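To start, the structure under review is shown below, and the notes come after it.
Rule-based calculations on the coordinates, nothing more; no lab input. Here the structure is a predicted model, which means the values were calculated and not measured. Cβ coordinates were reconstructed from backbone atoms using ideal geometry, including for glycine residues, and neighbour counts include every protein chain displayed.
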Amino acid sequence: MEKELLLMLPGPVPMPEQVRLAMSRQAINHRSTEFGAVYADCVRVLKTAFGTTNDLFVISGSGTAGMEAAVANFGRDKEIACIVNGKFGERLFKISQRYGRAHEIGSPWGTPVDLEALEGRLEQGAEIVTLVHNETSAGIKNPAEEIGKLAKKHDALFLMDAITSVGGDVVEADAWGADVVITGSQKCLAAPAGLAAVSVSNRAWERLCKNPPYYLDLAAYRKSASGKPMETPYTPAVPLFLALREACLILEEEGLAARIARHQKLAKATRAAAEAWGVSLFPKIDAKHEYSTTVTAFAYPDGIKDDVMRAIVKKLGILIAGGQDQLKGKIFRIGSMGAVSPPEILSTLAATQYALNKLGHKMKGDGVGAACEVLG
């Protein structure tokens with residue numbers, strides 16, 4: 001039997017054994033008190049991770065379903081300012097084009113967002129702002145709190161993709177004024193892919209569109225979740241809910257602050273390795289932006305081919321990510337999210353160091369040793 005690869009990607013990530021086992025049980029009635037309790041556990045823990053007291057629902061669909069639910073329920077026929085500095089900001093822009101009058105506030109991938117251009121668009125009447133908090137395609141974390149203040153100043157709704165930060169980094173939806181926030185199950189939560197969670201503020205409910213989509217109708221999710229037992233309006237992916245509940249209980253047991261600190265330390269160790277190797281980090285940050293806490297994006301040194309390097313790492317049993325779209329062949333990415341700890345990070349850094357050395361990159365120092373100094 002082929003050995004499982006260690007997934008050191010920006011999602012999906014390795015899942016704890018109890019999360020995997022939760023999916024193997026007999027089916028249960030999704031209109032039962034048992035399922036309602038499962039759903040309630042998920043919502044309770046996720047509200048803490050979102051930093052919200054707002055309504056929160058779990059949708060059977062990937063994070064992109066959550067993105068579309070956010071835009072389709074609140075952005076139809078509206079002026080939408082879409083911040084784009086990576087692939088997923090671009091995805092929100094493309095979704096917004098289907099439902100409203102979308103305006104791209106763009107900057108090169110992995111560079112700071114254009115806050116002046118955003119304010120200009122808001123002054124021209126934009127009613128919605130969309131943002132990817134943690135842009136994993138480029139390894140940059142965007143200033144959600146500042147963007148939330150701009151949206152509030154101009155009385156615009158703030159829709160935030162926190163798919164790769166909820167459960168692994170600080171997310172304060174209420175404090176930041178984020179009216180609609182989205183996450184996905186297979187990222188920092190370390191659950192299977194296929195579920196999205198969406199929180200909705202009272203302010204957003206007041207601006208609900210009159211012609212929502214059928215399956216992604218958030219008002220229908222609110223109505224079903226308000227019953228006893230809690231339900232979803234349509235048949236949920238029950239095994240995924242069971243697994244998500246286990247992942248949420250693991251998060252609760254670890255403690256959100258401790259979990260975030262773990263992610264931060266792993267990312268810091270990974271960046272220390274990059275410095276020791278003499279490999280540049282890809283994103284260009286400033287005082288208002290940060291490197292991602294859940295994935296590190298490296299620019300390839302001259303002469304190193306993406307497919308060759310990642311194949312060497314894969315042969316050692318570890319899967320790391322390359323670049324997407326316009327960044328294909330230009331960067332590689334190492335995830336530090338979910339159920340990972342120092343042994344997984346150090347194994348990945350050792351394999352990457354070996355591959356870079358084998359392909360002729362002249363190291364400045366020992367990246368694994370530098371990471372150990374951070375983790376020790």
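Over all directions, what mean area does the Cα convex hull of the range 1-102 project, stated in square nanometres?
If I average the Cα hull's projected area over directions, I get 10.1 nm².
Run the numbers on the range 17-254 and let me know its relative contact order in percent, using alpha-carbon pairs under 8 Å that are six or more apart.
30 percent.
Could you pull the Rg and Dmax for the chain, using just the Cα atoms, both in Å?
Expressed in Å, the Cα Rg and Dmax of the chain come to 20.6, 63.
Rank-order 366-376, 241-251 by packing density, defined as the average count of other C-beta atoms within 10 Å over each peptide's residues, highest first.
Going from most to least packed, we get 241-251, 366-376.
Once every DSSP H run of n ≥ 4 in the chain is given -39500 (n - 2.57) and the sum is divided by its residues, what mean residue ellipticity at 222 nm do you get, rounded to the nearest 500 deg cm²/dmol?
Calculated from helices alone, the mean residue ellipticity at 222 nm is -13000 deg cm²/dmol.
Averaging the inverse of every distinct alpha carbon separation and then flipping it gives the Kirkwood radius. What is it for the range 50-134, in angstrom units?
Result for the range 50-134 stands at 13.4 Å.
In nm, what is the difference between 0.36 nm times the number of residues separating D306 and Y354 and their Cα-Cα distance?
Separation in residues times 0.36 nm, less the Cα-Cα distance, equals 15.8 nm.
What would the Debye formula give as log10 I(q)/I(0) at q = 0.14 Å⁻¹ for the alpha-carbon point model of the range 251-311, no solvent?
One equal scatterer on each Cα of the range 251-311 leads to -0.53.
Rounded to the nearest 20 Debye, what is the dipole magnitude of the chain about its Cα centre when Lys and Arg each give +1 and Asp and Glu each give -1 at the C-beta?
Using Cβ point charges on Lys, Arg, Asp and Glu, the chain gives about 640 debye.
List the trypsin sites (Lys or Arg not before Pro) within the range 11-74 that fall in a DSSP loop (any state other than H, G, I, E or B) and whose Cβ has at most 16 other Cβ atoms within 10 Å.
In loop regions of the range 11-74 (DSSP not H, G, I, E or B), the sparsely surrounded trypsin sites (Lys or Arg not before Pro) are R25, R31.
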